[in-house]
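Structure first, commentary second.
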Amino acid sequence: DDKSLDFKMVYYNADGNESSMCGNGGRCIVAFAKYLGIIESHCKFEAIDGLHEAYVNKNMKVELKMINVDRVHPHESDFIVDTGSPHYVKFIDNEAEIDVKSEGSEIRYSKAFSQDGINVNFVELDSGNLKMRTYERGVEDETLSCGTGVTAAAIAAFDQKLVTKSNISIQTKGGQLSIKLKKVKTGYKDIWLVGPTQQVFKGEIQC
């Protein structure tokens, strides 16, 4: 065990299978670790895609460092980006009009992706920022927000010069997130997923 790590995250999807990286889950576990007193404002932890570090402030806003991304892969007229989870990014004119479950499952179960599945993101450009909705494999439906998906969408938009700033705001149905990134010769690094967290439930188990 690496003694420099504060904890390890193991994440399960709604279907009971262990998931690939979950960005928002990573942010939430950092906030929970702070609540438990395991960390103060900074931590390092292991997830299924490798090591991560994160910062959390007194208002429980969390900045989570994501893995480096080597490249954006074109696929027909869309894009594939692996941000610890595989993501299909499709730029559209109006995300509000998309039937996410129907159109997302059609891509997810298409011949190219049916074996392992893929998360599908429908992304609208909005005055230099993004709005998006996500179909997640393992849930097999739309989810309110997806951290690795937000990361993939921001990288694809920057890579295609659809946005030019390196701090990109993304609106999801679950709330506002932002991505900070750095373009380098080998792809993208110093990628940070930033957003608020809020504890919504506490319970006790008596044995």
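The values are calculated or read from the model by the stated rules, or taken from the named source; none is laboratory data. If you're wondering where the values come from, they're calculated on a predicted model, not measured in any experiment. All Cβ positions, even for glycine, are placed from backbone atoms using ideal geometry, and neighbour counts span all protein chains on display. To get the accessible areas, we keep the full protein, side chains included, count just its heavy atoms, and leave off ligands, DNA and RNA. Shrake-Rupley method; radii C 1.70, N 1.55, O 1.52, S 1.80 Å.
Annotations for the structure displayed:
- From the options Ser114, Ser41, Ser102, residue that is at pLDDT below 95, farther than 27 Å from Phe158 by Cβ and surrounded by fewer than 18 Cβ atoms within 10 Å (Cβ to Cβ): Ser114
- Only one of Val89, Val200, Val123 that is hydrophobic (A, V, I, L, M, F, W, C) and in contact (Cβ under 8 Å) with a residue 60 or more places away in the chain: Val89
- Residue count, region 49-76 (criterion: open to solvent by 20 Å² or more (accessible area, probe 1.4 Å) and in contact with an Asp or Glu (Cβ under 7 Å, 6 or more places away or on another chain)): 3
- Tallying residues that are more than 29 Å from Asp116 (Cα to Cα) and touching an Asp or Glu at 6+ places or on another chain (Cβ under 8 Å) within region 1-43 yields 8.
- Qualifying residue in region 167-181 (condition: without any contact (Cβ under 8 Å) to a residue 12 or more places away in the chain and surrounded by fewer than 23 Cβ atoms within 10 Å (Cβ to Cβ)): no
- Within region 9-24, restricting attention to residues that are touching a Cys at 6+ places or on another chain (Cβ under 9 Å), in a loop (DSSP other than H, G, I, E, B) and not polar (S, T, N, Q), the residue that is surrounded by the fewest Cβ atoms within 10 Å (Cβ to Cβ) is Tyr11.
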